[in-house]
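Asker: There's a structure below that I have some questions on.
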Amino acid sequence: MPKNSSNNTSVFRVDSRIFSFNLSRNYLVFRNLFFIFFSALFTSILQAQVEARPSLAAGRFEREIRIDGLLDEEEWKNAPVLDSFLTTVPEEKGTPSARTLVKVLVDEKAVVIGIQCFDPEPDKIVRFSKLRDTDISEEDHIKVVIDPFLDGQSGYILAVNANAARYDALVSNRGESENEDWDAIWEARTSINEEGWVAEIRLPIQSIYFDKSLKEWGFNVERRIQRNQETIRWANVQRDQFFGQTSRAGLLTNLPVFNYGIGANIRPSLVGSMNKVGKDGAAVVDMAASLDASQRLGANVLATLTVNTDFAETEVDTRQTNLTRFPLFFPEKRTFFLEGSDIFEFGFGTGNRTVLPFFSRRIGLFGSSQVPIMFGGKINGRIGNTAFGGLGIKTNSFDEDGTSYDATAMGVMRVRQNVFKESTVGMITSIGDPLGREGSFMSGLDFTYQTTRFNGNKNFIAGAWALYTDREDLTDDRSAFGFKVDYPNDKWDLSLTYARIGEFFDPSLGFVPRKGIHSLRIGSIYAPRPEWPLVRQMFHQFFLTYIKGIGEEWQSYSVFTAPINWQLESGDRIEMNVRPAGENILVPFEIADNVIIP
């Protein structure tokens, strides 16, 4: 980094000129990326073949199935069986150490999944978690993914360990990650016997969106046998592929015409409080009524209404200490905003470290205070290959730190279209400002190309996005754009992410921690699997983050390297990391009350 930086916290230095940005170099970069992208597109189209997807026919039930983890009803005995599992770890497409049987029963209102996990040593089953949404990845567990739209880009994940601890998530980033904030209504029970353990899952059809015209869904099952460090799958049995990539899942067939009922849900609430100041003070009673209601507009569209919204039952934020000059990010935990939140995700390569064009915590919260929500409405869902979401909110006036803010209305709209089988193109627009500033507007476009068939069966993702904001107090550079190229596979995981954030880019309903910057991130993981007796896989990692101001001043850098990161056959790790970092503090800032960093 520059030699004149007195605030550099590391002796690691790199000449900042190699990261300089100019028009001619940007042209060459974008030209090369353009060539790589369309080469990948052309290659994947040539190599894409109509692949036979394994299938499982669902059985039917007419009387109620008791969810007890026993699978002792007559319907289970007659249901078709899935037992063709192969390992992904430790060996790709190897023979599992124990059998697994899967059966599915359906009626017009629910999907019931029964899974029998044989184990010759049931006393050695690894199980300790009992709470919902805890990390069960290092325990024996079963994981199910369903794709009720059969679009290969979305889905729901349900998982349960041998203690019946449940985990659920939305398929995110086209299967590369999972949105754990999603919570649905579903049941799961387990039992352990001399043959192993059994899981029984019931998913009410009202808990998910689905395409009512389909007679088959995407479907896959994965089992983890922890003491053997073994993972087995039914479909998509390749290390390079993520379990959540529903484009590679099998099929669940013989589905009925599901009936979601009237599709209405009404939840009124009344919250009261009483305050009394001093021994003889009069008691002040405060009562507040609220209403949340939702109505299905078909099997795949949901409309939601909220009046005088009450967030009293919302989970509290995790305590964080901010030792930087940039705002902290707190994830959304309010149910009203979480429902359908995946539709509002925008731009491959965006996130809380660069830009989120829509961040729902801007609504109803200001600093540490709640802003009263008078009423609001939301509609979200999918029709064909189009996903859409719209949100409108009216907040009441409030005071904060001696400043009064008027009541204001805000709204956001997002549309995303599936293209090229696994890719998407979309737009987002928002209006309104939580603080009542006039003329607030934001709009953007994004495109993400993804294939799971690059060079045969590898993953390749490339995306670009652009955003523009306007408001009465904003001038000059109010735009942002960026791109990301990713090659996330088992042996090689390579990525390049770039973003340019204008100095006056400020979406009123978004989250932008740093403005007026170029941000560059490079990631590389080389993970061979040596034929050594104790080591299963080695991870050689290198990550670089470099941020500089648009006015050519560098601001910060960080490097992460892991020359030694070995995963042993026992599941333990031996790891050594090196993390040099540097900050170029150009303007003094207050890190705490009366504590100034010069």
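Only the coordinates and a few stated rules stand behind these numbers; no lab work does. This structure is a prediction, so every number in the text was calculated from the model and none was measured. Here Cβ is always computed from backbone atoms with ideal geometry, including for glycine, and neighbour counts include all displayed protein chains.
Asker: Counting other C-beta atoms within 10 Å, which of V412, V535 has the fewest, and how do the rest follow?
Answerer: Lowest to highest Cβ neighbour count: V535, V412.
Asker: Shape call for region 175-334 from the C-alpha gyration tensor, a ≥ b ≥ c root eigenvalues: rounded (a/c under 1.5), prolate (a/b greater than b/c) or oblate?
Answerer: Prolate, since a/c reaches 1.5 and a/b exceeds b/c.
Asker: Local charge sum around G482 (other residues, Cβ-Cβ under 12 Å, Lys/Arg +1, Asp/Glu -1)?
Answerer: Here the charged neighbours net out to +3.
Asker: Quick one: order K394, K109 by neighbouring beta-carbon count within 10 Å, fewest to most.
Answerer: The order, fewest Cβ neighbours first, is K109, K394.
Asker: 7 Å from Cα along Cα→Cβ at both T134 and A184: what's the point-to-point distance in nm?
Answerer: With each label point 7 Å from Cα toward Cβ, the separation is 2.3 nm.
Asker: Something else: Can you tally the net charge around G381? Count Lys and Arg as +1, Asp and Glu as -1, for every other residue whose Cβ sits under 14 Å from the Cβ of G381.
Answerer: +2
Asker: Also, I was wondering about something else. Which net charge results for the neighbourhood of L297, defined as the other residues with beta-carbon distances under 13 angstrom from its beta-carbon, given Lys and Arg at +1 and Asp and Glu at -1?
Answerer: That works out to +4.
Asker: Run lengths n ≥ 4 of DSSP H only: what is the helix-derived mean residue ellipticity at 222 nm for the chain, with -39500 (n - 2.57) per run over all residues, to the nearest 500?
Answerer: Working: 3 runs with 34 residues, N = 598.
Counting only the DSSP helices, I get -1500 deg cm²/dmol.
Asker: With the crude spin-label approximation of a point 7 Å out along Cα→Cβ, what separation in nm comes out for V307 versus E64?
Answerer: 3.4
Asker: I'd like the distance separating the alpha-carbon centroids of region 559-585 and region 327-400, in whole Å.
Answerer: So the two Cα centres are separated by 35 Å.
Asker: Compute the Cα gyration tensor for region 383-537, then decide on rounded, prolate or oblate, letting a ≥ b ≥ c be the square roots of its eigenvalues: rounded whenever a/c is under 1.5, prolate when a/b is larger than b/c in the other cases, and oblate in all that remain.
Answerer: Here region 383-537 falls in the prolate category.
Asker: Quick one: Karplus J couplings for region 401-418, per residue in order, coefficients 6.51, -1.76, 1.60, θ = phi - 60°, nearest Hz, x for Gly and Pro?
Answerer: Listing the rounded values in order: 6, x, 10, 9, 10, 6, 4, 8, 10, 9, x, 9, 9, 9, 10, 9, 10, 6 Hz.
Asker: Shape verdict for region 158-226, please, from the Cα gyration tensor: rounded (a/c under 1.5), prolate (a/b greater than b/c) or oblate.
Answerer: Since a/c reaches 1.5 and a/b is larger than b/c, the shape of region 158-226 is classed as prolate.
Asker: Taking the Cβ of each residue in H518, H540, H141 as the centre, tally the other Cβ atoms inside 10 Å and list the residues starting with the fewest.
Answerer: Ascending Cβ contact count within 10 Å gives the list H540, H518, H141.
Asker: Within region 441-570, what is the number of lysine pairs with alpha carbons under 21 Å apart, leaving out pairs fewer than eight places apart on the same chain?
Answerer: 5
Asker: Then there is this: Rounded to the nearest 0.05, what FRET efficiency do Q417 and K276 give with R0 = 51 Å and r taken as the Cβ-Cβ distance? Could you check?
Answerer: 0.30
Asker: Under 5 Å between amide hydrogens, which residues at least 5 positions from G155 or on another chain qualify, with H placed 1.01 Å from N in the peptide plane?
Answerer: Counting only residues 5 or more places away or on other chains, the set is V171.
Asker: Separation between the E74 and L586 pseudo-spin-labels, each 7 Å from Cα along Cα→Cβ, expressed in nm?
Answerer: Inter-label distance under the simple model: 7.8 nm.
Asker: Here is a follow-up. What is the gain in length, in nm to one decimal, between S397 and R267 on full extension, counting 0.36 nm per residue of separation less the C-alpha to C-alpha distance? Walk me through the numbers on the way to the answer.
Answerer: Values: separation 130, 0.36 × 130 = 46.80 nm, distance 2.52 nm.
Extra length available between S397 and R267 comes to 44.3 nm.
Asker: Using the beta-carbon distance between A293 and Q370 and R0 = 25 Å, what value does 1/(1 + (r/R0)^6) give for FRET efficiency, to the nearest 0.05?
Answerer: Result of the calculation: an efficiency of 0.75.
Asker: Using θ = phi - 60° and the Karplus curve 6.51 cos²θ - 1.76 cosθ + 1.60, what whole-Hz ³J(HN,Hα) does each residue of region 72-85 get, with Gly and Pro shown as x?
Answerer: After applying 6.51 cos²θ - 1.76 cosθ + 1.60, I find 9, 6, 4, 4, 5, 5, 9, 6, x, 10, 10, 9, 8, 9 Hz.
Asker: Here's another thing I want to ask about it. Work out from phi, with θ = phi - 60° and the Karplus expression 6.51 cos²θ - 1.76 cosθ + 1.60, the ³J(HN,Hα) of each residue of region 369-386, listed in order in whole Hz, and give x for Gly and Pro.
Answerer: Coupling constants for region 369-386: 10, 8, 9, x, 9, 6, 6, x, x, 8, 9, 8, x, 9, 10, x, 8, 10 Hz.
Asker: Over region 55-253, how many pairs of lysines fall under 24 Å by alpha carbon, counting only those 8 or more apart in sequence or from different chains?
Answerer: Eligible lysine pairs with Cα atoms under 24 Å apart amount to 15.
Asker: Give the cross-link partners of K378 among the aspartates and glutamates, using a straight C-alpha distance below 12 Å as the criterion and excluding same-chain residues fewer than 8 apart.
Answerer: Hits, sequence-local ones excluded: D292, E339.
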